[in-house]
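Structure first, then comments.
What follows is calculated from the coordinates using simple rules that are stated; it is not laboratory data. Just so it is clear, the structure is predicted and the values come from calculations on it, not from any experiment. Every residue, glycine among them, receives a Cβ derived from its backbone with ideal geometry; neighbour counts consider all protein chains shown.
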Number of protein chains: 2
Amino acid sequence: MISLEEVLVKKISKISIKNQEVACRDRHMTFRLLCKECNKNYPINTSQWKCDSCRRPLNLVTELPRADRFDQLTDKSERGLWRYKRLIPFSEDPVTLGEGNTPIVEMKSEGVFLKLEYFSPTGSFKDRGAAVSLSRAKWIGVKGIVEDSSGNAGIAAAAYAAKANIRARIYVPKDAPLPKRLIIHACGADVVECDSRKEASTRAVNELKENELYVGHTWDPFYIEGMKTAAYECFESGFVPDVVVTPVASGTLFLGLYKGFLELNEMGFLDKIPAFYAVQGEGCAPVYEAAHGPIQRIKGSSLADGIRIDDPPRKDEILKVLRKTSGDVFTVNDDEIIDALKDLYKKGIIVEPTSATVYAAFKKANDLKNKRVLIPMTGTGIKTVDKISKLFIL
Amino acid sequence: MISLEEVLVKKISKISIKNQEVACRDRHMTFRLLCKECNKNYPINTSQWKCDSCRRPLNLVTELPRADRFDQLTDKSERGLWRYKRLIPFSEDPVTLGEGNTPIVEMKSEGVFLKLEYFSPTGSFKDRGAAVSLSRAKWIGVKGIVEDSSGNAGIAAAAYAAKANIRARIYVPKDAPLPKRLIIHACGADVVECDSRKEASTRAVNELKENELYVGHTWDPFYIEGMKTAAYECFESGFVPDVVVTPVASGTLFLGLYKGFLELNEMGFLDKIPAFYAVQGEGCAPVYEAAHGPIQRIKGSSLADGIRIDDPPRKDEILKVLRKTSGDVFTVNDDEIIDALKDLYKKGIIVEPTSATVYAAFKKANDLKNKRVLIPMTGTGIKTVDKISKLFIL
């Protein structure tokens, strides 16, 4: 068994962040960043979030350790995400708020398994990503981080930045739910309201200052490192699904779960990778359209506001996983989301509408019946109570 | 080692709920209910929630199993509360939403350990209690349950009743936070708005119908059975505190944590029981007043609305634990709660004001310094975002 730690080289290096030199410890020589489009490599301590040649997103590449059993690679003194610290970068002194180790609950009547990602510090799966991303920011030694988000990722970034004692500035579209904006603010982050989700993305990058790091989750490869631990948890609990169905906006959860199962396969612990299915709302379905051709976009549909990204940077990667695993992509409309959400609440599952999209897709997809299906419940419904009131009370 | 299961006697019995006979399986012969005031015993399948002689609350009494190691008593195939099913009644076919197994996060700068009880199905510690209480309701076979609550317990009861396919009717004071009332409704429960917390308690009991069970958490001994598992989790994670500080209204968490550590002690796994400290808001401090004499009650203080119970049924039990463990009871005022809450948010801990009461008390209690202190973070701040906005934005 080759220990990751054995090959780590400790040295002091300097990295440039917007013309300012920042000292950092480079203990992560086995991890590097790669543009899969043009095969250009970047060191792990770069502050770049995209390839400077082809403008595509970067991916984390690592040499996987070998072991007879997966549990030999885990840290049994840890209960959550950092149980897998040997497989995650920046894990020596991580920024943690107790994330990971979420339960899997079987809905026996439906034959589906829910992974309850809202059992988490800020109530959504984004905490897994923010934990790794902010651990990186702390390790690099930046003074501030910048994120753009319609809510959940912004809250996660703000909370983990607070824990790491790093300033945070979050760009949000002005129609993001008020409770989400308030919590970002309460964590001490600066909230910048923008006219649209797109403007939030653009301004976040354009207004980056010296000694700040852009950790936008739609680009940041370290978010995917956090998400992959959810797959490890499934495996360790003895549950390996035939099919995984996730909502897809930027695709971090989708790609992270895939990466987790893929690594388990590559390390020899798993024979087969589940089929991956993506779900998008009819109002914004770029992955669906790339796979199946254009659809008529429903204007004004805002129920799945967590998954409204017009042009996800990792769209090609998502499509590749769909093809490789013989999966597919579905769309669901607002009526289907509402029905699914009501169903879930009536079973005590208090989630946001985005979570209901996957349940809606599962209910109508006949080819998923009689399979072991995993669907992550991405976020708590408590943050979206204003929408719930319209659905249930009126 | 005497197995609990070995002494369980299976038989069909009939119990009376408001004049209606309901069939139930009585597999829990080693558990009984006891009025500690007048020593009167009740069978576990009674629908009574108080002693019919002295009107005091009932307590669950059980014969504890023997084992060399605690982990011999756990079900390793389970991850949460039902890992301890051998020590909990009604655990054969429990109503579960994935509760329990919450993380403990150390705040190193403060030397305090937070148990994050908001990593849970409905975002508060009440889920532990509701899981056992509703498992009991399902086991008895009632058609409906009734609860009175200012919010968290009502949401928990509604969600678990939904999961168990049992009707729920929740009596709430009209000043309970709107998001909490909305979620209760969304889970399919009937919400009955009352003029005050006291009226909610009175009407809940007075309006009980045939074939309904009163599961009011301020009285229900099965809530305490759920809470005690948080102490087991501490022990299993290798963390036994010197001191436990909890907010106290009806005292279920306080008494439950105490019961858990006491049972570990009685089973021979723990030499010493932590000292127990209670915290109440200055606006409503009946336990403090019973211990230290009357204080001037601050009118209009509503920050700690989760811990406003004028006359908790188990007040004498709480006082007894304070004395037995050489603990104490503190009060905190609104300014202290606000400061503590801001501190917690600035560390990424997104909790409700009730959770901040214990952190406020910890900060000002000099005799808790240099000890291993456990403070449970009782509920998510996302439910109380309306209050947060007033504190942080204005």
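Quick notes on this one:
- Cβ-derived FRET efficiency at R0 56 Å, B:Arg372 paired with A:Asp175, nearest 0.05: 0.75
- Counting other Cβ atoms within 10 Å as a rough exposure proxy, the listed residues B:Ser237, A:Ser53 run A:Ser53, B:Ser237 from fewest neighbours to most.
- Here the Gaussian network model covers chain B, with springs between Cα atoms less than 10 Å apart; of B:Asn211, B:Asn333, B:Asn370, B:Asn370 fluctuates the most.
- When chain A is treated as a Gaussian network with alpha carbon springs shorter than 10 Å, the biggest mean-square fluctuation among A:Glu225, A:Glu236, A:Glu336 belongs to A:Glu236.
- Taking each of B:Lys36/B:Lys209; A:Lys126/A:Lys272; A:Lys76/A:Lys371; A:Lys50/A:Lys115; A:Lys108/B:Lys138 in turn, the alpha-carbon distance tops 20 angstrom for B:Lys36/B:Lys209; A:Lys126/A:Lys272; A:Lys76/A:Lys371; A:Lys50/A:Lys115.
- Comment: the Cα-to-Cβ extended label point of A:Lys198, at 7 Å, lies 6.0 nm from its counterparts in the other copies, nearest first.
- By the count of other C-beta atoms within 10 Å, a proxy for reagent exposure, A:His185, A:His217 are ordered fewest to most as A:His185, A:His217.
- Across the copies of the chain, A:Asn165 has label points (7 Å from Cα along Cα→Cβ) spaced 5.5 nm apart, shortest distance listed first.
- Look at A:Ile44, B:Ile350 and count the other Cβ atoms within 10 Å of each Cβ; fewest to most, that gives A:Ile44, B:Ile350.
- Position B:Lys143, label points 7 Å along Cα→Cβ, spacing to each other copy in nm (shortest first, one decimal): 6.8
- Whether region B:126-214 is rounded, prolate or oblate, judged on the alpha carbon gyration tensor where a/c under 1.5 counts as rounded: oblate
- Distance between the modelled labels on B:Asp93 and B:Arg323, one decimal in nanometres: 4.5 nm (7 Å Cα→Cβ projection).
- Per DSSP, loop trypsin sites (Lys or Arg not before Pro) in region B:30-77 with at most 13 further Cβ within 10 Å: B:Arg55, B:Arg66, B:Arg69, B:Lys76
- The Cα atoms of the protein assembly as shown cover 82, 59, 53 Å along the three principal axes, with the biggest extent listed first.
- Theoretical ellipticity at 222 nm over chain B - DSSP helices of four or more residues, -39500 (n - 2.57) apiece, nearest 500: -10000 deg cm²/dmol
- Counting only aspartates and glutamates at least 8 places from B:Lys363 when in the same chain, those with an alpha carbon closer than 14 Å to its own are B:Glu110, B:Asp335, B:Glu336, B:Asp339, B:Asp343.
- Within chain B, all pairs of alpha-carbon atoms sorted by distance into 20 Å bins from zero give the percentages 29, 61, 10, 0.
- Applying a DSSP loop filter and a limit of 13 other Cβ atoms within 10 Å to the trypsin sites (Lys or Arg not before Pro) in region B:180-210 leaves B:Lys209.
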